[in-house]
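**Student:** Mind having a look at this structure? Questions to follow.
The values are calculated or read from the model by the stated rules, or taken from the named source; none is laboratory data. What you are looking at is a predicted structure, and each value in this text was computed from that prediction instead of being measured. Positions of Cβ are generated from backbone atoms using ideal geometry, with glycine treated the same way; all protein chains shown enter the neighbour counts. These accessible areas exclude ligands, DNA and RNA; they are computed on the full protein's heavy atoms, side chains included. Shrake-Rupley method; radii C 1.70, N 1.55, O 1.52, S 1.80 Å.
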Amino acid sequence: MPGEQDEQRSEGASGVVRRRAPRLPWLVLAPVAGSVLLSTMDTSIVNIALPTLASEFDTAIDAVVWVMLVFVLLGTGLALPFGRLGDLYGRKRFFVGGNAIVALSLLAAGAAPSLPALVAARGLQAVGNSMVVSNGNAIVTSFVPPERRGQALGIMGGTVGFGLAAGPVLGGVLVELLDWRAIFLTRLPLSVTLTALLLLVLRSTSAEGRERGLDIPGSLTIFGSLASLTLAVNRGNAWGWDSPWIIALFVLGLALAPLFVWIERRAASPVVSLELLRIRAFSGSVGTAILFYWGFAAVMVLTPFYLVGARGFSTLEAGAIIAAQPLTLFVFAPITGRLADRVGPRLLVPLGLASSSLGITLLALADGGTAVPDVAARLSLIGLGMALFQSPNNSTIMGSVPVQRLGMASAAIVTARRIGQAGGIAVSGAVFTVFAGANLTAAAEGSPLRSLAIIDGLQAGLLLTAAVVASAIAVYWRWGAD
C-alpha cells in the first residue's frame, strides 16, 4: 500500500545488524507536495496581473484588488476549520476534494467573462486551496516515519516557500508572453492530473480519535475574527488607518477573539483545542512562524519596488533576480530537513532566523549601484535562512501534538503564515510610504530623486523587518525550543 514503510536492515562488516531509516514514500509525497505547491502559488501569482485586470475590465484598481483580497480573506479564515474537519472525517477526502475544487476554479477563473465572475472563481479557489494546504502537513506527518519527518516536511516547506516566491515570477512571465487568463488555464492540466493521482495513491483514513461534529460557532467566530483583522490590515493604507471602516474592522476582529476562546472552552469538539496552546513547543513555534513570515512577505513586497522602480529593470529581469531566493530555498530545504532529523531543531531554527535577518539587513543596505550578483546573493542568504527555519520549526509543531490533532496543527502553520504575511505587508508598506515621502509621488518616473526615495523607503522598511525576524530568535528560545 502506498505510504506504508517496511523496516530495512543491513549487516555491516563487523557483523552487527544495523537499522536503516526507511525511504521516503515518493509515490505519495510527490503528488502531495505538488498539490501544495500549486495551491500555495495561488496566494501570490495573481497580484502582478492586477493592473492588467484593471485595464481588461475597464475598472479601478480598488475594485480589481478584490481578486486578491477574496482569496486572502477566505483562505485565512477557513484554514483552521478545514484542518479540523480533516481530523474529524478523514484527510484524504478533504485533500483530494480540495484539489478537485482548485481545478474547477482554475477553469472558471480562466474563462471568467467579467470581474464579478473572476472574483467568485477566486473565492471558490480559496475554498479548495484551504482544504489542500491545511491538511498537507498532516497527511505527510501521518505516513512518514518519525525519523524522516524533518526531511519530508523540509520538502513540503520548500514547496511552500518556492510557491509563494515564484508565484509573482511565473505570473509576470505568463502575462508578458500570453495574457492574464494563462495564469489559470496553463496550470489546469497539472491540477487535474494531481487530483487523479492523489485519488489513487492516498489511503482513506478516519480520525484516530473518532470524534465527530465540527464546532460551528467556533468556526464562524474564528473566521470572522481573522477575516476582519486581515481585511483591516490589508486595506489600512488604501482606506486610511483612521477610517471608520478600518477602526470598525479592528474592533470587530479583536472583540471576536475572546468570544472564540469562551466558545472553545465549552465546545465538545473545538476547532482549536486550547490545550495545544499550553504545549510550549507548539505555541512558541507558531509564534515564531508568524514573525518569520512577516519578514518573508515584506521582502517579497518591497524588493520589486527597488529592482523595477529604483534600478529600472523590467518585470521579467526583476523576477529573474528575485528567483535567487526561492531557488536557494528549493535546493536546500530537503537537505536541512534531513539535518533536522539528525541534530534536532534547537540550533537550526535560530540559525535560520539569524541568516534571514542578516540577509534582509544586507538587502536593506543595497543602493543604486549594488551589482546584480550581489543583490542575488543577499536574496539567496534569505532563502537559505528560510530553508534552515521551515523544516525544523514545522517538524516541532507537527511532532508536539497528538495524532488526532495533526490537521489542527497543520492548519495552525498555514494560519500563522498568513497572519505573518498580512502584518509584514501592511507594516512594511506603511513604513516604505512614510520614508519614501512626497518625493516618490512628485518625482518623474526614472528620475534620480525617485530612485533615492524608493531606496530610502526600502531601507527603512527592511531594517524594521530584519529586527522583527531577529526578535523571533528570542521568542523561539523562550517558548518554542524544547
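**Student:** What is the calculated FRET efficiency for L274 to L449, with r their C-beta to C-beta distance and R₀ = 56 Å, to the nearest 0.05? Don't skip to the answer; put the middle values down first.
**Tutor:** Working: r = 54 Å, r/R0 = 0.96.
Calculated value: 0.55.
**Student:** In the full protein assembly as shown, how much of W26 is accessible to a 1.4 Å probe, in Å² to the nearest 10?
**Tutor:** 140
**Student:** Here is a follow-up. To the nearest 10 degrees, how steeply does helix 345-364 sit against the main Cα axis of the chain, on a 0 to 90 scale?
**Tutor:** Roughly 10 degrees between the two axes.
**Student:** Which peptide among 192-199, 390-397, 408-415, 96-103 comes first, and what is the full order, when sorted by highest mean count of other Cβ atoms within 10 Å?
**Tutor:** By packing density, highest mean first, the sequence is 390-397, 408-415, 96-103, 192-199.
**Student:** Could you size up the charge dipole of region 258-337 around its Cα centre, putting +1 on the beta carbon of Lys and Arg and -1 on that of Asp and Glu, and report it in debye to the nearest 20?
**Tutor:** Dipole size: approximately 260 debye.
**Student:** If you don't mind, there's one more thing I want to ask. Projecting each Cα onto the charge dipole of the chain (Lys/Arg +1, Asp/Glu -1 at the beta carbon, about the Cα centre), which of V375, V271, L351 comes out farthest on the positive side?
**Tutor:** V271
**Student:** OK, next. If you wrap a convex hull around the Cα atoms of region 338-387, how much volume per residue is inside, in Å³? Before the final figure, lay out each step's value.
**Tutor:** Details: hull volume 2.7 nm³, N = 50.
In region 338-387, the Cα hull volume divided by residue count equals 53 Å³.
**Student:** Taking Rh as the Kirkwood radius computed over C-alpha pairs, what is the Stokes-Einstein D of region 282-437 at 25 °C in a medium of viscosity 0.890 mPa s, expressed in µm² per second?
**Tutor:** Using the Kirkwood radius from Cα pairs, D works out to 151 µm²/s.
**Student:** Let me ask another. Angle between the Cα long axis of helix 66-89 and the longest principal axis of the chain, 0 to 90 degrees, nearest 10?
**Tutor:** So the helix axis and the longest Cα principal axis differ by about 10 degrees.
**Student:** A further question on this structure: For region 407-417, just list the computed ³J(HN,Hα) in residue order, Karplus coefficients 6.51, -1.76 and 1.60, θ = phi - 60°, integers in Hz, with x standing in for Gly and Pro.
**Tutor:** Each residue of region 407-417 in turn: x, 4, 5, 4, 5, 5, 4, 5, 5, 4, 4 Hz.
**Student:** Given charges of +1 on the Cβ of Lys and Arg and -1 on the Cβ of Asp and Glu, with all other atoms neutral, how large is the dipole of the chain about its Cα centre, in debye to the nearest 20?
**Tutor:** Values: 32 positive and 25 negative charges, 300 e Å.
With only Lys, Arg, Asp and Glu charged at Cβ, the dipole is about 1440 debye.
**Student:** What translational diffusion coefficient, in µm²/s and rounded to a whole number, does the Stokes-Einstein relation yield for region 69-126 at 10 °C and a viscosity of 1.306 mPa s, taking the hydrodynamic radius as the Kirkwood radius over Cα pairs?
**Tutor:** Values: Rh = 12.0 Å.
Calculated translational D: 132 µm²/s.
**Student:** When only C-alpha pairs under 8 Å and at least 6 residues apart count, what is the relative contact order of the chain, in percent?
**Tutor:** Averaging sequence separation for qualifying contacts and normalising by length gives 22 percent for the chain.
**Student:** Evaluate the Kirkwood expression for the hydrodynamic radius of the chain, namely the inverse of the mean inverse distance over all pairs of different C-alpha atoms, and round to one decimal in Å.
**Tutor:** Evaluated over the chain, this radius sits at 22.8 Å.
**Student:** May I ask which residue of A165, F432, A460 lies farthest towards the positive end of the charge dipole of the chain, with charges of +1 (Lys, Arg) and -1 (Asp, Glu) on Cβ and the Cα centre as origin?
**Tutor:** A165
**Student:** For region 317-366, list log₁₀ I(q)/I(0) at each q in 0.13, 0.23, 0.29, 0.30 Å⁻¹, using the Debye formula over Cα point scatterers of equal strength and ignoring solvent, two decimals each.
**Tutor:** After summing over all Cα pairs, the log10 values are -0.40, -0.95, -1.11, -1.13.
**Student:** Mind pulling the angle between the C-alpha long axis of helix 216-239 and the longest principal axis of the chain? Nearest 10 degrees, somewhere in 0 to 90.
**Tutor:** Tilt of helix 216-239: around 20 degrees.
**Student:** Roughly speaking, what is the stretch gain from S55 to L199, that is 0.36 nm per residue apart minus the C-alpha to C-alpha distance, in nm to one decimal?
**Tutor:** Result for the pair: 47.9 nm of gain on full extension.
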